[in-house]
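This report concerns only the one structure given below.
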Amino acid sequence: MTSRDEMRRIAAESIAQGDVTGWFERFYQRAAGDWDQVPWADRRPNPYLVAWLRTFGAAPIRKRCLVVGCGLGDDAEALASAGFDVIAFDISATAIDAARRRFPRSGVDYVVADVLQPPPAWAAAFDLIFEAFTLQALPPAPRHAAIGSIAGLVAPGGRVFVLCRARDADDPIGELPWPLTREELALFEAAGLRATTVEIVLDDETPPVRRFRAFFDRMEP
Ligand SMILES: C[S@@+](CC[C@H](N)C(=O)[O-])C[C@H]1O[C@@H](n2cnc3c(N)ncnc32)[C@H](O)[C@@H]1O
C-alpha cells in the first residue's frame, strides 16, 4: 500500500466517524519523522509561491502574512525570507513541532490552530494569506466553512493566494485530495473578497495535475 493509499484509508476512517480533521495529526504521528511517508511533505517551498515571490522588487516590509495548514513550514520560511512577518499554523501539533525543529532560527511564529476556529485576534489582521492544498483535503462542508473563515482574516487592502487542485463542476469528485470547482472558489467572493486572478495551471507532475492559482483581494473601505 502506498503512503497515498494509506492516507486515504486513515482519512476515510476518520471522516466516517464524523472527525474530518483528526486524521492529519494521526497521519503525521504515524510517519514518526520519516516525511517521505507524508505525500504532500516535499520539504521545498511551493514552486508557484516561489515564482510569485520573485515578482517582488524589494522585500515587503512589515506586511503581515498568515500561512494556512503550513505543514512542515517550507512555504512559511520562503515568505519570511521574502520579508513578510509570518504566522504559520496547522491543526497538527506534530507538524508544528517538526517545523520549529527544522527551522530553529526562524522568525516565523508557528502556531497550532484550526482554520475552522481561528483565534479571534486574527480577524481582518493579515495583508497576505497563503493557502496551498488544505481546502482540497477537507470534505465540502468544512471546506466551504474554511473559505469563509479564511476570508474573514484578510485585512482591508489584503489578499489571499490560493493553490488547489481544479475540476469542472460536472467532473467526478474523485479521491482525496478532492479538486475544487470554480463555483467553490467563488465562495471567497461571496465572503466579500474580489477575484483578481483565477487561472488553471498545469504542473510538472507526470501526468500533469490541473490546479487553480487564484488571488482574492479585500478592497479598502
Ligand atoms: C495537504 S496538506 C498541505 C500542507 C502544505 N500547505 C503544503 O502545501 O504542503 C494539508 C495541511 O493542512 C493541515 N490542516 C488540515 N485541516 C486543518 C485545519 N482545519 N486547520 C489547520 N490546518 C489544517 C494538515 O495538518 C496539513 O498539514
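The values are calculated or read from the model by the stated rules, or taken from the named source; none is laboratory data. Source: prediction; values computed, not measured. Quick reminder, even Gly has a Cβ in these numbers, built from the backbone with ideal geometry, and neighbours come from all protein chains shown. Areas reflect the complete protein model, heavy atoms only, side chains present, ligands, DNA and RNA absent. Shrake-Rupley method; radii C 1.70, N 1.55, O 1.52, S 1.80 Å.
Calculated on C-alpha atoms, the gyration radius of segment 20-100 divided by its Kirkwood radius gives an Rg/Rh of 1.02. At q = 0.15, 0.24, 0.29 Å⁻¹ the log10 of I(q)/I(0) for segment 85-124 amounts to -0.36, -0.81, -1.01, computed by Debye summation with a single uniform scatterer per C-alpha, solvent ignored. Given R0 = 41 Å, the distance between the Cβ atoms of Ala123 and Glu6 translates into a calculated FRET efficiency of 0.65. In this structure segment 53-167 gives 39 Å² per residue of accessible area when probed at 1.4 Å with all protein chains present. Give the distance, in whole Å, between the Cα centre of segment 1-32 and the Cα centre of segment 126-162. After rounding, the separation between the Cα centres reads 22 Å. Ordered by 1.4 Å accessible area with all protein chains kept, Val50, Val112, Val160 run largest first as Val112, Val50, Val160. To put it simply, the accessible area of segment 89-221 at a 1.4 Å probe is 54 percent carbon and sulfur. Each pair of Cα atoms in the chain enters the Kirkwood radius, and Stokes-Einstein at 4 °C and 1.567 mPa s then converts it into a translational diffusion coefficient of 73 µm²/s. Neighbours of Arg62 by Cβ distance under 10 Å: Lys/Arg scored +1, Asp/Glu scored -1, total 0.
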